[in-house]
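All of the numbers you see were taken from the coordinates with simple rules; none came from a lab. Values in this document were obtained by computation on a predicted structure and should not be read as measured data. For neighbour counting, all protein chains shown are included, and Cβ atoms are generated from backbone atoms with ideal geometry for every residue, glycine included.
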Amino acid sequence: MSEVTREGGPERGRYVLDLEDGSEAELTWVARGETRLATHTGVPRKHEGRGHASTLVAAMVEDARAEGFRIVPACSYVAVWARRHPEAAQHFA
């Protein structure tokens, strides 16, 4: 599996994971003040259940830790991930 790449600018962007067959998994976000709304997590159906979405959210949490923003889980998967990882609670709004 490849590393997560970050695309976009200060207002919006996405975390991308290139998959072995040339497809992508992504987590999109939009900035709102001191927060970033995680708006969508998408993994191609044939790649579901392999931890790709979790990898993307973990990358966003790493950036929140490093850059000081908080994550608003507007995407249902990100909300579930946050509940499953209470150790990251301080990075969620």
First in the range 44-57 and over 18 Å from Glu7 (Cα atoms), second anywhere and in a loop (DSSP other than H, G, I, E, B), Cβ under 6 Å, 6 or more apart: Pro44/Ser23; His47/Leu19
Number of positions in the range 1-15 that are in contact (Cβ under 8 Å) with a residue 40 or more places away in the chain and of a type outside the set (Phe, Trp, Tyr): 3
The range 48-93: number of residues that are closer than 14 Å to Arg36 by Cα and acidic (Asp, Glu): 3
